[in-house]
Structure formats: C-alpha cells, structure tokens
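Q: Below is one structure. I have some questions about it.
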Amino acid sequence: MTTGTKRSDPKSQPIAVALASCRSGLLSVGFFSCLMNVLLLTGPFFMLQIYDRVLTSGSVSTLLALALLAGVLYLFYGAFDWTRSRLLARLSKAFDQDVSEAAYHQSTQLGTSGPTPAQDLRQVQQFIAGPSLGTLFDVPWFPVYLAVVFLLHPLLGILALIGAVLLVVIAILNQWAALSLNAEALQHAAHEDKLLLAARRQVEPLQAMGMMANTHRLWVEAHNARLNAQTGGADRQSFFASSSKTLRLVLQSAILGFGAYLVIGNELSAGALIAASIIFARALAPLDQTIAQWRSISASHDAYGRLTASLAEVGDLDD
C-alpha cells in the first residue's frame, strides 16, 4: 500500500499519497462491510422461519437444516469481521508510513502550539485502526434494514423511521453542542502548553525578574479553563449518548408492543414480529455507536484537518 514517491520530497503531498495508496484498501473494507451487513440478516430470518415454519410444522429436519445454514453463515460473518479488522489495522499502518516522515519534519522544524503534526498523525492512525471507522462503514446500511422492516409491515417501518429521525437529530445536536467547547478546550490547551514551555526554557530569567509566580498563576488559569471546557464538553456528549441509548430502548419496546398489537389483529405473524424487532435493533446499532463514539470521531476529524493543513505548508526541508 506504499508507493515509490520519495518521502524526503516535501512537495510530494504526503496526505494525497497516503489516501491514494489506501484507496483500494478502503474499497475492500466497504466490500467486507457489505457482506457483513447482509449476513447480519441471518438471525432475524432464522427466527422468522423458526416461529412461522418450524413451530407450526413440528419438523425437526427443517429445524436442523435451518440451524446448519445459520451456523455456516455466522462463520462467514466472523471470518469477514476478522478480515475487515486486520485490513483496517494494515491501512492504519500504511497511512502512518506514508505521512510519518513529513509529520516528523514539521513537528521538529516548525514552532507550533497545541498538538504537533506527529501527535495528530497518531490520533488519525489510531482512529483508522479502531472500531469507529468500521462503525461509520455500517451506518449507510440503515436504509436497507429500514426497507426490510417496511416489507414486514409498513406501520412498523414508519415507527422505525420516526425513531431513526430522532436519533439523527440527537447526533446533530451532539455535534453542534460539542464544537464550541472542543474549540475552546484546544485554545486553552495551546495557551497552557505555551506557558509551560516558556517556563521551562526561561526559568532563570523569570526567576531573576520575579515573574515565576505570575507565570505559574497564568498557567493555572489556562489549565483550569481547559479542564472546565473539557468537562463541559464531556457532560454534553454524555447527555446526548444517554439520551440516544434511552430512546433506542424505548423504540425497541415500542416495536414489540405495536407489533404484538398487529399480531393480535392477524396483520403480522409472530415470526415477523421477532424478526422486525431484531432488524430494527441492528439498524439503530451503528447510529447509537456513532453517537457514543462521537468524541473520538470528532477529535480524529480535527486532528486530520490540522495534519492536512500543516503538511500543506511544508516548504523545502533540510537534507
């Protein structure tokens, strides 16, 4: 996944090189995500057949055949999940190798406040290798699961759609609420690091002028301001994450309750009710996980933006 481009050439646009070398790998991740999400329908349809076919017919042979088929499909799912995780880990390593030298030169040759390009690269590399990126690949499959619920019964599909809209609204509010506090926290962190660096490098002149106490007071103020901003951001994000989880539980119970009403009215089979509940839970899972991991996703997005901007400013480096 590496190219022949010389990393010592600062004009080689390392971010563009890294993305180009990882493009085929990302397409492979999308392909395996497709297979995994299709195979995740195994459980709902297995339950559908159990309730609507096996229990009514009493056929043990049908039960064994369905169980064998479901077991094989689950083995395929596990293999694809393992392969996708390994592929993401290798994409993470390839991206790091393509960008690390330029990030190192920027970190050592340019005076920067806040996170260095090397630190931003580490954040992005860990994001690619972690579970958050895989979750983002699963999010676009929500409409497919929603369509399956609609096929089982339109009213259940409408209920699922309303729940999804509410979760998306929560996600948008989560992002909006976190933006200002995250930016404020980064600003205070940069000021805190600047004061600490100045105190370390100029300790003797500051002591001679009697300014150490004042420098320490300014550092404490910046430190506390950063902590307050981070705590406020964490409180808001935890509120939205808890709201998302609670709403998801309410919606799952609503699907079961309303589905039971449809079963009583002979508008839905018991197997379809169980299948719709499982599919709905599966459809909401990536949205709920994205909201829960939004802090990591947002931090990685900011780190990628800073890294791209920093490496775009690379001039001629010393040999």
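The values are calculated or read from the model by the stated rules, or taken from the named source; none is laboratory data. Because the structure is a prediction, the values reported are computed rather than measured. Cβ: placed from backbone, ideal geometry, glycine included. Neighbour counts: every protein chain shown. Remember, those area values only see protein heavy atoms, side chains included, never the ligands or the DNA or RNA. Shrake-Rupley method; radii C 1.70, N 1.55, O 1.52, S 1.80 Å.
Q: Is one or more of the residues making up the range 234-252 β-branched (Val, Ile, Thr), assigned to a helix (DSSP H, G or I), touching a helix residue (DSSP H, G or I) at 6+ places or on another chain (Cβ under 9 Å) and at pLDDT 80 or above?
A: Taking every residue of the range 234-252 in turn, at least one turns out to be β-branched (Val, Ile, Thr), assigned to a helix (DSSP H, G or I), touching a helix residue (DSSP H, G or I) at 6+ places or on another chain (Cβ under 9 Å) and at pLDDT 80 or above.
Q: On the basis of being in a helix (DSSP H, G or I), modelled with pLDDT of 70 or more and either open to solvent by 30 Å² or more (accessible area, probe 1.4 Å) or on the phi > 0 side of the Ramachandran plot (or both), does Ala272 make the cut?
A: Spelling it out, it is not the case that Ala272 is in a helix (DSSP H, G or I), modelled with pLDDT of 70 or more and either open to solvent by 30 Å² or more (accessible area, probe 1.4 Å) or on the phi > 0 side of the Ramachandran plot (or both).
For every residue, the table says whether it meets (1) open to solvent by 50 Å² or more (accessible area, probe 1.4 Å); (2) at pLDDT 85 or above; (3) part of a helix (DSSP H, G or I).
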position: Met1; (1), (2), (3): yes, no, no
position: Gly4; (1), (2), (3): yes, no, no
position: Ala18; (1), (2), (3): no, no, yes
position: Ser21; (1), (2), (3): no, no, yes
position: Ser24; (1), (2), (3): yes, yes, yes
position: Phe32; (1), (2), (3): no, yes, yes
position: Val38; (1), (2), (3): yes, yes, yes
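Q: A further question on this structure: Write out, first by first residue and then by second, each pair whose Cβ atoms fall under 9 Å of each other, whose residues are 6+ apart or on separate chains, and whose first residue, in the range 279-295, is hydroxyl-bearing (Ser, Thr, Tyr) while the second is open to solvent by 50 Å² or more (accessible area, probe 1.4 Å).
A: Thr290/Leu136
Q: Quick check, is Ala260 at pLDDT 75 or above, open to solvent by less than 50 Å² (accessible area, probe 1.4 Å) and closer than 18 Å to Tyr145 by Cβ? Show your work before the answer.
A: Values: at pLDDT 75 or above: yes; open to solvent by less than 50 Å² (accessible area, probe 1.4 Å): yes; closer than 18 Å to Tyr145 by Cβ: no.
Judged against the criteria, Ala260 is not a match.
Q: I'd like to check which helices (runs of 4 or more DSSP H) are fully inside the range 56-159 and have at least 1 residues that are open to solvent by 70 Å² or more (accessible area, probe 1.4 Å), farther than 30 Å from Ser24 by Cβ and touching a residue at least 60 places away in the same chain (Cβ under 8 Å).
A: So the answer is 60-109.
Q: Among the residues that make up the range 82-97, is at least one of them more than 25 Å from Gln13 (Cβ to Cβ), of a type in the set (Lys, Arg) and at pLDDT 90 or above?
A: Yes, the conditions are met somewhere in the range 82-97.
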